[in-house]
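This report concerns only the one structure given below.
What follows draws every value from the coordinates through simple rules; no lab data is involved. The shown structure was predicted, so the numbers you read here are calculated from the model rather than taken from an experiment. Counting neighbours? That spans all protein chains shown, and the Cβs are built from the backbone with ideal geometry, glycine included.
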Amino acid sequence: MTFTTSLKEEISKTEINYLECHYELISFLNCLAKINNKEILITMENASVARRIYKEIKEIYKINPHIIIRMQKRFKVKQIYILVIKDKIDFIKESINLGKKKELETLVSDEEKIAFLRGSFLAVGNVSNPSTSGYHLEFIFKKEILAEQILKILQYFKLSAKLIKRGYRYVVYIKASEDISDLIKLFKATNSLFYFEDIRIYRDHKNMVNRLNNCEIANQEKTIKTGLEQIKKINYLKEKDIFGLLDEKTQLVATYREKYPEVSYEELANVITKETDYKIGKSGINHHFIKINALIKRYEERGNSNESKTCK
């Protein structure tokens, strides 16, 4: 069972009042119903959703839709539920104001807006499983007016939704995990919310650990690279027979750097402090390597100057 299926099943089992039922059904029929002069067809794949819509139609319009169950064998075998309405066609069309903006603008209270959102999600909503892919929730509409209305309602609840056109469809989607969580909370789907939050916390923790590990590895690599470069400079001073020009403490630091090429300045300072009488900190280590760099620079500048005189 997909996360979308389980979420819709949970939503379809929540208790709602008559007003919420009315707006949920209006939204659902606007999204999914196929209406002509003879009948209204509503095709669904989720049995729990089909039962809820059947119950709402019966309660709101006082009619009993005919139910057709078919087996779909394309890709994989699954049951399709079709509700067929042949009574009160004109009354239902007028009551839901299919495709008209007037009915959509009558949503006043928060519970009406949430009911409309819920009906749209049950009809055309999808959400990715947070444990197997990224965070993504979407509504896919045939009519732009419905997509724009859902977008406005989501933005009313401070959810960062966006609208794009995909072929002949209009897609309203949410990518932020916090906003998806808040929407599930609005639907009062507690079990799905707990599952989603557990996965989100686990993934956020895992990502944080990975970032810390990557940061630690990067720092380690940087420390090793710095240590090897400094040893190279120390060897250069010895090859040129100018290592002795360094003061005694700088020579001590250089000697310990040769022993411990992989440690950081702070670790090197701790080792020197423990093993010798010289108390030194991280900034002190850096100061001594500045002296080493300065000596190399002076030596090279003097060498270049002598070469210039020879050429003349």
Which whole-number percent of Cα pairs in the range 205-311 have a distance greater than 16 Å? 64
Using only Cα atoms and rounding to the nearest 10 degrees, what angle (0 to 90) does helix 190-239 make with the longest principal axis of the chain? 20
For the pair K185/R169, report the inter-label distance in nm, with labels modelled 7 Å from Cα in the Cβ direction. 2.9
Go through 142-149, 274-281, 21-28, 5-12 and give me the packing order, highest mean Cβ count within 10 Å leading. 21-28, 5-12, 142-149, 274-281
The range 254-297 and the range 217-241: distance between their alpha carbon centers, rounded to Å: 12
Simple Cβ-charge dipole of the range 146-227, Lys/Arg +1 and Asp/Glu -1, about Cα centre, in debye nearest 20: 360
Two decimals, Cα atoms only, Kirkwood Rh: what is Rg/Rh over the chain? 1.40
Expressed as an acute angle from 0 to 90° and rounded to the nearest 10, what is the orientation of the C-alpha long axis of helix 177-186 relative to the principal long axis of the chain? 30
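What do you get for Rg/Rh of the range 3-188 when both radii come from the Cα atoms and Rh is the Kirkwood radius?
0.94
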Cα axis of helix 282-311 to longest principal axis of the chain: angle in degrees, 0 to 90, nearest 10? 60
